[in-house]
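Okay, so here's the structure we're looking at.
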Amino acid sequence: TRNGRPPPRPTRAKPTRAGLQEPGLRGQQEPRPTKGNRRPRKPGSRSLSSKASRTWASPPGRRRHSWHDLTPDLTEREGHAAVAADFAAFLKATRGDAESLADRVRESHNVVAPLINALHLEGYRNFLPPCYCEDVDEYGGLQYGTCASRTNCTGGCPWSEEMLKVMGRHDGVAYSIADSFHPVTEEHPSCHLPHVHGDADPDANPGGPSLKDPPLCDGAPCALNVTTVTQAVYLSGSTDDLWRIHLDLPWADTGFLPVSARELKMKLKSRQALWQAAGVLGPDAPLDATDALDRCREINQKAIDWALARASESARRRLNATGKTIATGADAGTCAAGPCWIWDPLRWAEDATGVVIRSVTFATENKNDLGPCGEDKLIPCAAGMHYCKGVSPARVLEWIYTDSLRNATSSSWHLSSVA
């Protein structure tokens, strides 16, 4: 990039179903005679990340656009010259001379590729919608069925699969995990729950305190087959629409609001249930010993660490110089009922220096205390669960690239400081 910051919403760079193209040239034009019978090739899309979108455009944008835009690093003349240079390089590439454009494509890739990869980890709905399929499990029901990705939809959230490994981390236990997207409020045709597979009884709690169901392994090493459930929640509907109207562009995406998931509602198995199923934890071990508060905080810290490690060098430099920090806070509890966790949102507490993310957690003992339960009894067996409100690594990257900079580098801040 040209020594500057990314566009106001770099995630609006043209993402594709398969992700950002690798550096270099992409696609081909219609055949036409060229020297040596070679076809000229179209270059991939490029980002000019040194300028905010409205500050160098002609004519100037509306006051609302300028107010929310970021202050550029280049002057208007330098910005126009940079765009002209890219345009000239593009025209050369259409004539078969793509060498002058190759470096710019690589620079753009370095900026945008982490965002595209993070959105894939989230299972971003605008790449492919969630399948929300109802596949039969090994017990003949739907409660623990796995929803595999298809050509026209995404089965589950890859990030949740990785976070189950954090929840159950143990040197002697390996996990095979499949996540499925489902609305967490769904009850019909089934209430979908996470599950440790391997017992003939669908309602078993292997290795749990009831002593009725023995562990699936006699201790380490052990390999467990686990399924999880996730719902990705986005800023859409009335709230989003009101903001679009407020920003005076009700018909279009303004690029001001984040595009990644606002929260990931992750239904995971508890560390207690996973370790007891593996036979590495005794049946009498209390839930607090393995699943106390801040287990979900640990998961959200992984999202921050992932994003910071993969953000472009220029983005990290701007974050450290003028951006607001992002950190995790202690997990927030909720009432001892599933609906409380469902509607209690991921907490974003922002002040003048940064934002603190707090998950809402809900964990249950690895035993069925409510009597007979199961899919055939219309009462789900909610034993051995640990639910987390997770932050998507894509949302963290959006904060690093754009939203963390608005306080100190937005046009509104500069105008107010001058006043």
Item to complete: Please go through segment 141-217 and write out the GluC sites (Glu not before Pro) that DSSP classes as loop and that have at most 11 other C-beta atoms within 10 Å.
Response: Glu187
Worksheet item: What is the extension gain from Asp97 to His80, computed as 0.36 nm multiplied by their sequence separation minus the C-alpha to C-alpha distance, in nm to one decimal?
Response: 3.9 nm
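Excluding ligands, DNA and RNA, what is the solvent-accessible area per residue of segment 103-191 at a probe of 1.4 Å, expressed in Å²?
Value for segment 103-191: 42 Å² per residue.
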Item to complete: Any chance you could list P(r) for segment 321-400, counting all Cα-Cα pairs in 5 angstrom bins from zero, rounded to whole %?
Response: 3, 13, 19, 17, 14, 11, 8, 6, 5, 2, 1, 0
Fill in: Burial ranking of peptide ranges 269-277, 198-206, 221-229, 343-351 (average Cβ count within 10 Å, highest at the top)
269-277, 221-229, 198-206, 343-351
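Using the per-residue mean of other Cβ atoms lying within 10 Å as a proxy for protection, in what order, highest first, do the peptides 308-315, 92-99 fall?
For the peptides 308-315, 92-99, the packing ranking is 308-315, 92-99.
The values are calculated or read from the model by the stated rules, or taken from the named source; none is laboratory data. From a predicted model like this one, the values you see are computed outputs, not experimental measurements. Reconstructed Cβ throughout: ideal geometry from the backbone, glycine too, with neighbour counts over all protein chains shown. Quick note on the areas: whole protein, heavy atoms, side chains included, nothing else; ligands and nucleic acids left out. Shrake-Rupley method; radii C 1.70, N 1.55, O 1.52, S 1.80 Å.
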